[in-house]
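Rule-based calculations on the coordinates, nothing more; no lab input. A quick note: this is a predicted structure, and the numbers were derived from the prediction, not measured. Cβ coordinates were reconstructed from backbone atoms using ideal geometry, including for glycine residues, and neighbour counts include every protein chain displayed.
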Amino acid sequence: MIRLILPPHLRSLARVDGEVELELDDAATQRTVLNALEARYPMLRGTIRDHVTQERRPFIRFFACAHDLSHELPDAPLPEAVNTGTEPLLIVGAIAGG
Amino acid sequence: MSAVRALIGTRKGAFVLTSDGKRDRWDISGPHFAGWEIYHIKGSPADPDRLYASQTSGWFGQLIQRSSDGGKTWEPVGNEFVYDGEIGTHQWYDGTLRPWKFTRVWHLEPSLDDPDTVYAGVEDAALFRSTDGGKSWHELSALRRHESGPSWQPGAGGMCLHTILLHASHPQRIFIAISAAGVFRTDDAGQSWRPINRGLKSEFMPDPTAEVGHCVHRIAMHKSRPDVLFMQKHWDVMRSDDAGESWQEVSGNLPTDFGFPIDIHAHEPDTVYVVPIKSDSEHFPLDGKLRVYRSRTGGNEWEALTKGLPQRDCYVNVLRDAMAVDALDSCGIYFGTTGGQVYASPDAGENWSAIVRDLPPVLSVEVQTLP
């Protein structure tokens, strides 16, 4: 079970409170987590990564275990603590603008 | 008794204002989509309870929201805007070529007769259409592929397609306007387009009368006379009596002919409204006085409308999509400001009051007249 924390705007859009918990068939990577997230909450498609290129939107960041994983490859394994649900994966709206 | 519903898009959410036909007391709901930029909300002429909203964010991209109950509840629909085929390039601010890139939806224009059909004008400039209530979007790509496309360039706000006018009696005819390319028209439902900018003069261009490149801010049409168009350009207020084949300047006695919005009285096709601002570098009212100007002669002769509007120390702007009219017997005029006020006049501009005054900066105002 993967734990995921969304930024407030996306929690509102998906109508969820607190953390999202996802069961994955495969090992946790950015791609498998986002695939599972978008399958459960289709309204989030296009808000975290581009529909076509699947690239992370520029002002979105992925944090876990006190590390910035934003520039990891989409298919790179996420930390084991995320994979086991010990630590959440944070999807963060970068601080920019006002 | 008739009622009026005003749909307000702001930098930080949407607001829906409702009133009875007197228009002296307003109920306000919102913010809907709090924290998001709402570039435009518009209702279907065929079903006034069907609304579409453009919800956008620099962080999270574009969403389209749809309501089937007049804005009480909303659901996100399709947000996949993919340019059709080869992307191509356009001019960038520094003169280099830049591939078309979707940024946001500026304007939504529902079909005149089908609630599930809606057009979207987007940045970088292109026209999309949905025929399934916003679930899926398809580009009418002949516009972007026009031979002049590589020469189009962004205005200060981005290269946006901001105006879509559907012809009431010729369903195949659509007018669109792009900053800064100009006005284009299709007579075959979007299969082919041509620029219709003859008569426009833009001193910022190397050739001020070139066929494309004009920074058209807004065009307006009265549904009873759809081949007569009025335009607020970067500078100049213009008029066309031949579906855009030619334009004549009608700025007349305006104190400044720079501005963004332009609209037409619901029952008087020659009564036109603009909100002049000082200049292209000073986007606020001349002398700090917020004045709507009205022409009852189709242009050239303009009168200032000031009663109830601030006449000192006012330095707000009124953006291109932030003016609308209702269709009650005594036509109501509405506009929103970058200072968060929405002003309304229930008597065609004679008297004004703020129906709400502390919203986030207003991006768009649309008004529905309900039975």
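For region A:2-93, what's the relative contact order in percent, using C-alpha pairs closer than 8 Å and at least 6 residues apart?
On the way: 131 pairs, mean separation 34.6, N = 92.
Relative contact order of region A:2-93: 38 percent.
Semi-axes, largest first, in whole Å: what does sqrt of 5 times each Cα gyration tensor eigenvalue give for region B:40-357? Walk me through the numbers before you get to the answer.
On the way: eigenvalues 162, 115, 74 Å².
With the √(5λ) rule applied to region B:40-357, the semi-axes are 28, 24, 19 Å.
Pick out, from B:S202, B:L305, A:P77, the residue whose Cα sits farthest towards the positive end of the charge dipole of the protein assembly as shown, with +1 on the Cβ of Lys and Arg and -1 on the Cβ of Asp and Glu.
B:L305
How well do other chains shield peptide A:42-50, expressed as the mean number of their Cβ atoms within 10 Å of each residue Cβ?
Working: counts 2, 6, 3, 6, 9, 8, 3, 1, 4.
Mean number of neighbouring Cβ atoms from other chains: 5.
Mind sorting B:V365, B:V342, B:V316 by how few other Cβ atoms lie within 10 Å of their own Cβ, fewest first?
Numbers: B:V365 28, B:V342 24, B:V316 20.
Starting with the residue having the fewest Cβ neighbours, the order is B:V316, B:V342, B:V365.
Need one number: convex hull volume per residue for the protein assembly as shown, Cα atoms only, in Å³. Walk me through the numbers on the way to the answer.
Values: hull volume 68.0 nm³, N = 469.
Hull volume normalised by residue count: 145 Å³.
Listed here are the pairs B:K223/B:K307; B:K223/B:K289; B:K278/B:K307; B:K22/B:K72; B:K233/B:K278; which of them are more than 25 Å apart at the Cα? Show your work: numbers first, answer last.
Working: B:K223/B:K307 29 Å; B:K223/B:K289 32 Å; B:K278/B:K307 20 Å; B:K22/B:K72 22 Å; B:K233/B:K278 14 Å.
Table pairs above 25 Å Cα-Cα are B:K223/B:K307; B:K223/B:K289.
Any number yet on Rg/Rh for region B:196-295, C-alpha, Kirkwood? Walk me through the numbers on the way to the answer.
Working: Rg = 13.3 Å, Rh = 13.8 Å.
We get a ratio of 0.96 for region B:196-295.
Per the Kirkwood formula on distinct C-alpha pairs, the Rh of region A:2-93 is how many angstrom?
It is 13.1 Å.
Normalised by the residues of region B:156-292, what does the relative contact order come to in percent, with Cα pairs under 8 Å and at least six apart?
Computed over region B:156-292, the figure is 15 percent.
Sorted from fewest to most neighbouring beta carbons within 10 Å, what does the list B:K278, B:K289, B:K101 look like? Each step should come with its number before you reach the end.
Numbers: B:K278 18, B:K289 15, B:K101 11.
Ascending Cβ contact count within 10 Å gives the list B:K101, B:K289, B:K278.
For region B:12-137, what does the equivalent ellipsoid look like in terms of its semi-axes, each the square root of 5 times an eigenvalue of the Cα gyration tensor, given largest first in whole Å?
On the way: eigenvalues 174, 58, 32 Å².
Equivalent ellipsoid semi-axes, largest first: 29, 17, 13 Å.
What is chain B's relative contact order, in percent, from Cα pairs under 8 angstrom and six or more apart in sequence? Before the final figure, lay out each step's value.
On the way: 1092 pairs, mean separation 45.5, N = 371.
Taking the mean separation of contacting Cα pairs over the length of chain B, I get 12 percent.
Which net charge results when you count Lys and Arg as +1 and Asp and Glu as -1 among the other residues whose beta-carbon is under 13 Å from that of B:R296? Write down the numbers at each step before the final one.
Values: positive: B:R294; negative: B:E268, B:D270, B:E301, B:E303, B:E350.
After counting each charged neighbour, the total is -4.
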